[in-house]
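Notes to accompany the following structure.
Each value in this text was obtained by applying a stated rule to the coordinates, not by laboratory testing. From a predicted model like this one, the values you see are computed outputs, not experimental measurements. With ideal geometry, Cβ positions are generated from the backbone for all residues, glycine too; neighbour counts draw on all protein chains shown.
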């Protein structure tokens, strides 16, 4: 899959996220007290601010909220490849900024169904991207 | 309970303004620019540098200026000294904190400064504000890894959401750019004074779709400083005072989840309402708007959130010519950050001072009794508002 994601390495907080990512599973943060989900980087619940967040597996499906297209630079060997970056609202509620590799921008619209897929840039953990569902 | 016995219980005013050369001015550091701007602002007010006993420094995106400016200026026994980092909302915030300090007798004359020198000769302007250099570590890096790095692509996502929700068009964004340039043509300080058309906007290259080159602000070397003091003292100084009537701050703290208003409603909504309430005026009494315009979209959404037009109708409002010279709602009368110079919140604040004083020359707006000023920082994360006037608040 052609993408332009940069390498990311794990830290203590994100280790469980990337362990699951290597198995193709998306983890989010979940608060048992509020029953609400938060984005992976959350330290407290995004709805109640409760501190009881734990990692829990999410559906990996969602819908497009917004997006931008960054024009690439053409080289001698190949034409410019644009980068499409979307904000995806996961079924559970949290938003994730995700690249949409190899998508035709003309196919994008608000609410367009997507699912999370995974890529592994060189020297990187597995990283989430979005593909049209 | 504290009792305010100080003369400043009668309010505060901006008494001095200093603007250095702007744009591709090379070979000088941010500190060099800051010293010059403060010196100019003090002289403008008719004060000596030694009259300044408070200093608030907005250190800019690169933190090139800081508290050491005090010793650079040979200031002694300073009573108020801080860096203040609210990104693009800093200028408005500095006026607010300076006013509170003066009202409480903590300082008498406070200089507030923003200085920046990101441009290097022979280097592309875009490289000056490239994405944050940070170790790509942990899940908080996922957005940077995906390519949401610098301001244009992040504001592009916000603008797209507004466009998709309300039908706002690229041509309407273009109307903001064209109006800003029309104003800039009459501003001797402006970096970009060549007229542009809507077609020029539509033909300018895509930076991050839907934003084109002419939707984006400039990059500038330079500095702007203001001097704040009590209204009473300001009235005895050499420039017409610009009295501070009201202020507000609102930092939305958008959650990255369902129901977020990101891109649709900004901190301007609450901040503006607060500033108007404090000033005791209604939005339709405002004569001039000086709005933070890092992108054309920012002007448009701020006009909506302040209530100059209905939510979702910003596109039609700006396309009607309302904000351009001769329009019903003169806005960014110096050309803004899009066409004049990019000094964070000091761009709109400096023009507000000029207009309130009636010193706008060819671009002076006839009726300028109340001026509203916005500051916006981060990606719509931080917001400050001021309402200022040449008249003392009764």
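In peptide A:62-73, what is the residue-averaged number of other protein chain Cβ atoms found within 10 Å of each Cβ?
Details: counts 0, 0, 1, 8, 12, 8, 17, 7, 11, 5, 0, 0.
Averaged over the peptide's residues, the number is 6.
Working from Cα positions, state the angle (0 to 90°, nearest 10) between the long axis of helix B:170-184 and the longest principal axis of chain B.
For helix B:170-184, the angle is close to 40 degrees.
Taking the highest mean first, how do the peptides A:93-106, A:43-56 order by number of other beta carbon atoms within 10 angstrom per residue? Intermediate values should be presented prior to the final figure.
Numbers: A:93-106: 19.9, A:43-56: 14.7.
Top of the packing list down: A:93-106, A:43-56.
Quantify how strongly other chains surround peptide A:100-110 by giving the mean number of their Cβ atoms within 10 Å of each of its Cβ atoms.
On the way: counts 1, 0, 0, 0, 0, 1, 0, 0, 2, 1, 5.
Average per residue, whole number: 1.
To two decimal places, what compactness ratio does segment B:47-117 give when its Cα radius of gyration is scaled by 2.2 N^0.38 Å?
Numbers: Rg = 11.6 Å, N = 71, 2.2 N^0.38 = 11.1 Å.
Cα-based Rg divided by the globular estimate yields 1.04.
Points 7 angstrom from Cα along the Cβ direction at residue B:359 and residue A:131: gap in nanometres?
The modelled label-to-label distance comes out at 6.3 nm.
Could you compute the FRET efficiency for residue B:124 and residue B:169, with r as their C-beta to C-beta distance and R0 at 30 Å, rounded to 0.05?
Details: r = 29 Å, r/R0 = 0.98.
It comes out at approximately 0.55.
Rank these for me by crowding, B:209, A:77, B:369, going from fewest to most other beta carbons within 10 Å. Please list the in-between numbers first.
Numbers: B:209 19, A:77 5, B:369 13.
Ranked by crowding around the Cβ, least crowded first: A:77, B:369, B:209.
What is the distance, in nm, between label points placed 7 Å from the Cα along the Cα-to-Cβ direction at residue A:80 and at residue B:62?
Spacing of the two 7 Å Cα→Cβ label points: 2.7 nm.
By per-residue mean of other Cβ atoms within 10 Å, what is the highest-first order of B:163-176, A:109-122?
Working: B:163-176: 20.5, A:109-122: 15.1.
My ranking of the peptides, most packed first, is B:163-176, A:109-122.
As a check on your grasp of the helix formula, calculate [θ] at 222 nm for chain A: sum -39500 (n - 2.57) over DSSP H runs of n ≥ 4, divide by the residue count, round to the nearest 500.
Numbers: 1 runs with 7 residues, N = 133.
Helix contribution divided over all residues of chain A: -1500 deg cm²/dmol.
Let me see the pair-distance distribution of segment B:147-283: every alpha carbon pair, 5 Å bin width, integer percents in order.
Per 5 Å bin, starting at 0, the Cα pair percentages come out as 2, 8, 11, 13, 15, 18, 15, 9, 5, 3, 0.
Under the 0.36 nm per residue contour assumption, what length would be gained going from the current alpha-carbon distance of residue B:259 and residue B:366 to full extension?
34.3 nm
What is the spread of the Cα atoms of segment B:229-382 along each of their three principal axes, largest first, in whole Å?
Dimensions of segment B:229-382 along the principal axes of its Cα atoms: 54, 33, 29 Å.
With viscosity set to 0.890 mPa s at 25 °C, what whole-number translational diffusion coefficient in µm²/s follows for segment B:236-289 from Stokes-Einstein and a Kirkwood radius over Cα pairs? Mind dumping the intermediate values first?
On the way: Rh = 13.5 Å.
Value of D from the Cα-based Kirkwood radius: 182 µm²/s.
Measure nothing but the geometry: give the 0 to 90° angle between the long axis through the Cα atoms of B:268-279 and the longest principal axis through the Cα atoms of chain B, rounded to 10°.
30 degrees
Looking at the protein assembly as shown, what % of the alpha carbon pairs are farther apart than 45 Å? Intermediate results must be reported in sequence, preceding the final value.
On the way: 23313 of 138601 pairs.
Value for the protein assembly as shown (Cα pairs over 45 Å): 17 percent.
Given a Förster radius of 45 Å and the C-beta distance between residue A:13 and residue B:328 as r, what FRET efficiency does 1/(1 + (r/R0)^6) yield to the nearest 0.05?
0.30
Remind me, relative contact order of chain A in percent, using alpha carbon pairs under 8 angstrom and six or more residues apart? Write down the numbers at each step before the final one.
On the way: 282 pairs, mean separation 33.4, N = 133.
This gives 25 percent for chain A.
Given points 7 Å out from each Cα along the Cα-Cβ axis, report the residue A:33 to residue B:198 separation in nanometres with one decimal.
Calculated label separation equals 5.5 nm.
Taking only C-alpha pairs under 8 Å that are 6+ residues apart, what is the relative contact order of segment B:209-294 in percent? Kindly include the intermediate steps, with their values, before the conclusion.
Values: 47 pairs, mean separation 24.7, N = 86.
So the answer I get is 29 percent.
Pairs of Cα atoms under 8 Å, at least six residues apart: use those to get the relative contact order of chain B, whole percent.
On the way: 951 pairs, mean separation 97.2, N = 394.
For chain B, the relative contact order is 25 percent.
Return the tail of the calculated pair distribution for segment B:1-100, meaning the percent of Cα-Cα pairs more than 22 Å apart. Mind dumping the intermediate values first?
Working: 1597 of 4950 pairs.
When all Cα pairs of segment B:1-100 are counted, 32 percent exceed 22 Å.
Translational D (Stokes-Einstein, µm²/s) of chain A at 20 °C and 1.002 mPa s when Rh comes from the Kirkwood sum over C-alpha pairs? Numbers along the way, then the final one.
Values: Rh = 15.7 Å.
Approximately 136 µm²/s, per Stokes-Einstein.
Based only on the alpha carbon positions, what is the Kirkwood hydrodynamic radius of segment B:101-226, in angstrom?
Numbers: mean 1/r = 0.0564 Å⁻¹.
It works out to 17.7 Å.
When Rg is the radius of gyration of the Cα atoms in segment B:282-321 and Rh is its Kirkwood radius, what does Rg/Rh come to? Walk me through the numbers before you get to the answer.
Numbers: Rg = 9.7 Å, Rh = 10.4 Å.
When Rh is taken as the Kirkwood radius, the ratio is 0.93.
Rounded to the nearest 0.05, what FRET efficiency do residue A:1 and residue B:78 give with R0 = 45 Å and r taken as the Cβ-Cβ distance? Could you check? Mind showing how you got there, number by number?
Numbers: r = 58 Å, r/R0 = 1.29.
Efficiency at R0 = 45 Å is approximately 0.20.
Using the count of nearby Cβ atoms within 10 Å as a rough guide to exposure, how do B:224, A:84, B:379 rank from fewest to most?
Details: B:224 33, A:84 23, B:379 18.
Arranged by neighbour count, lowest to highest, B:224, A:84, B:379 become B:379, A:84, B:224.
How far is helix B:30-45 tilted, in degrees, relative to the longest principal axis of the Cα atoms in chain B, given as a value from 0 to 90 rounded to the nearest 10?
For B:30-45 against chain B, the angle is about 50 degrees.
Average the reciprocal distances over every distinct pair of alpha-carbons in chain B, invert the result, and give the Kirkwood radius in Å.
Working: mean 1/r = 0.0480 Å⁻¹.
When all Cα pairs of chain B are included, the Kirkwood radius is 20.8 Å.
Per DSSP helix of 4 or more residues, -39500 (n - 2.57); summed, then divided by the residues of chain B. What does that give at 222 nm, rounded to the nearest 500?
Numbers: 12 runs with 122 residues, N = 394.
-9000 deg cm²/dmol, from helical runs alone.
So for each of B:262-270, B:383-391, B:316-324 I average, over its residues, the number of other beta carbons within 10 Å; can you give me the resulting order with the highest mean first? Walk me through the numbers on the way to the answer.
Working: B:262-270: 22.7, B:383-391: 26.0, B:316-324: 20.8.
Per-residue Cβ counts within 10 Å, averaged per peptide and sorted highest first, yield B:383-391, B:262-270, B:316-324.
Once you compute Rg and the Kirkwood Rh from C-alpha atoms, what is the Rg to Rh ratio for segment B:293-376?
Details: Rg = 12.2 Å, Rh = 13.0 Å.
Rg/Rh: 0.93.
Residue by residue through B:255-267, how many Cβ atoms from other chains fall within 10 Å of the Cβ on average?
The mean count of partner-chain Cβ atoms within 10 Å per residue comes to 5.
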